[in-house]
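Single-structure report; data block below.
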Amino acid sequence: MRIDLTGRTALVTGSTQGIGAAIATGLARAGAAVAVNGRTEESVRAALERLRAEAPGAEFLAAPGDLATDDGSRAVFDALPTADILVNNLGIFGAKPALEVEDAEWRRYFEVNVLASVRATRHYLPGMTGRGWGRVQYIASDSAVVTPAEMIHYGVTKTALLGVSRGFAKEAAGTGVTVNSVIAGPTHTGGVEDFVYELVDRDLPWEEAQREFMRAHRPQSLIQRLIEPSEIANMVVYLSSPFASATTGGALRVDGGYVDAILP
């Protein structure tokens, strides 16, 4: 299956590293002009250098700004007024005992993980529906379905994204625009490496630490390893393509079989 996104413009939020950077690379290699987003101009500039080296000839644009704030959102929307593909990847996570998560932290998680995505969708969706074509995606998590005891505040925000996605899919009904969530499983990123070492012995070599983390904290995984960011990106690129024109309002899993259910 050859996916060609030539002529399409995409915004991937939170794309200076990790899953977001992998998604940006995948979309750009498929021919899209991809706007890379991070909170600062410096982080975006550094990411653009890396991505252009990894995908020579691909087209990347800069769209710096913190989408969890009004001023940052305006900066992003000014840099990229319209988009054909919106991938709401921006998110934060971290382990903390449930009773120690205070109101301010709950609000911060909802601002970054939920409201930033709503804000971006509200900006770009009308243009997509007006043109009769578009793709909106939300990068959710297995934690949306299997709430982790060590980070309830994170899991709840990802559950909220599933509802947001389904609701906006209904808003876009019949317009040629599809809206979906991607349920990502435990994924190998720099941030996740730090998270793993919060939960297992820091003296362990990475491969042993990963195995111990999966055994002790994610035993439901059927692939019994962390997912690579490129594997998440593959699903996003497919959903961004014309081949996925009848897939909307869904929550598609790239979780390594972690969620023990036939449906999300």
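The values are calculated or read from the model by the stated rules, or taken from the named source; none is laboratory data. Just so you know, these numbers come straight off a predicted model, no measurement behind them. Quick reminder, even Gly has a Cβ in these numbers, built from the backbone with ideal geometry, and neighbours come from all protein chains shown.
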Any hit, the range 91-106, residues being in contact with an Asp or Glu (Cβ under 7 Å, 6 or more places away or on another chain) and assigned by TED's automatic domain parsing to the domain that holds residue 17: yes
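Anything in the range 140-156 that is outside any loop (DSSP other than H, G, I, E, B), more than 24 Å from residue 247 (Cβ to Cβ) and not aliphatic (A, V, I, L, M)? List them, or say none. Even if it seems obvious, please write down each step before you answer.
Keep residues of the range 140-156 that are outside any loop (DSSP other than H, G, I, E, B), which gives 140-144, 152-156.
Applying the additional criterion that residues be more than 24 Å from residue 247 (Cβ to Cβ) yields 152-156.
Within the range 140-156, 153, 154, 155 meet the criteria.
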Boolean, residue 149 is surrounded by 23 or more Cβ atoms within 10 Å (Cβ to Cβ) and among the hydrophobic types (A, V, I, L, M, F, W, C): no
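Just wondering, is there one or more residues in the range 246-258 that are within 16 Å of residue 211 (Cα to Cα) and not β-branched (Val, Ile, Thr)? Show your work before the answer.
At the first step, the residues of the range 246-258 found to be within 16 Å of residue 211 (Cα to Cα) are 256, 258.
Subset that is not β-branched (Val, Ile, Thr): 256, 258.
So far as the range 246-258 goes, yes, one or more of its residues are within 16 Å of residue 211 (Cα to Cα) and not β-branched (Val, Ile, Thr).
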Filtered residue count, the range 1-40, keeping only those that are in a helix (DSSP H, G or I) and either in contact with a Ser or Thr (Cβ under 6 Å, 6 or more places away or on another chain) or closer than 20 Å to residue 188 by Cα (or both): 10
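Hey, among 79, 46, which residue is farther than 19 Å from residue 165 by Cβ and free of Cβ contacts under 8 Å to residues at least 40 places away in the same chain?
Values: 79 fails: free of Cβ contacts under 8 Å to residues at least 40 places away in the same chain.
On inspection, the qualifying residue turns out to be 46.
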Filtered residues of the range 4-25 (kept if surrounded by fewer than 23 Cβ atoms within 10 Å (Cβ to Cβ) and either over 16 Å from residue 55 (Cα atoms) or aromatic (Phe, Trp, Tyr) (or both)): 7, 8, 9
Count of residues meeting criterion [in contact with a Phe, Trp or Tyr (Cβ under 7 Å, 6 or more places away or on another chain) and among the charged types (D, E, K, R)] in the range 114-159: 1
Residue in the range 206-220 that is under 28 Å from residue 72 (Cβ atoms) and among the small types (Gly, Ala, Ser) present: no
Matching helices (runs of 4 or more DSSP H) fully within the range 167-264 where at least 2 residues are at pLDDT 95 or above and of a type in the set (A, V, I, L, M, F, W, C): 229-239
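Looking at the range 141-175, which of its residues are under 15 Å from residue 248 (Cα atoms) and touching a strand residue (DSSP E or B) at 6+ places or on another chain (Cβ under 7 Å)?
Taking the range 141-175 as the starting set, the residues that turn out to be under 15 Å from residue 248 (Cα atoms) are 161-175.
Within the range 141-175, 161, 162, 164, 165, 168, 169, 172 meet the criteria.
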Pairs, first aromatic (Phe, Trp, Tyr) in the range 157-169, second buried (at least 20 other Cβ atoms within 10 Å of the Cβ), C-beta under 8 Å, six or more apart: 168/121; 168/125; 168/136; 168/179
Which numbered condition residue 137 fails, given (1) surrounded by fewer than 16 Cβ atoms within 10 Å (Cβ to Cβ); (2) outside any helix (DSSP H, G or I): (1)
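Could you list, in sequence order, the residues of the range 202-230 that are basic (Lys, Arg) and touching a Phe, Trp or Tyr at 6+ places or on another chain (Cβ under 8 Å)? Please lay out each step first, then the result.
Keep residues of the range 202-230 that are basic (Lys, Arg), which gives 202, 211, 215, 218, 225.
Across the range 202-230, the qualifying residue is only 218.
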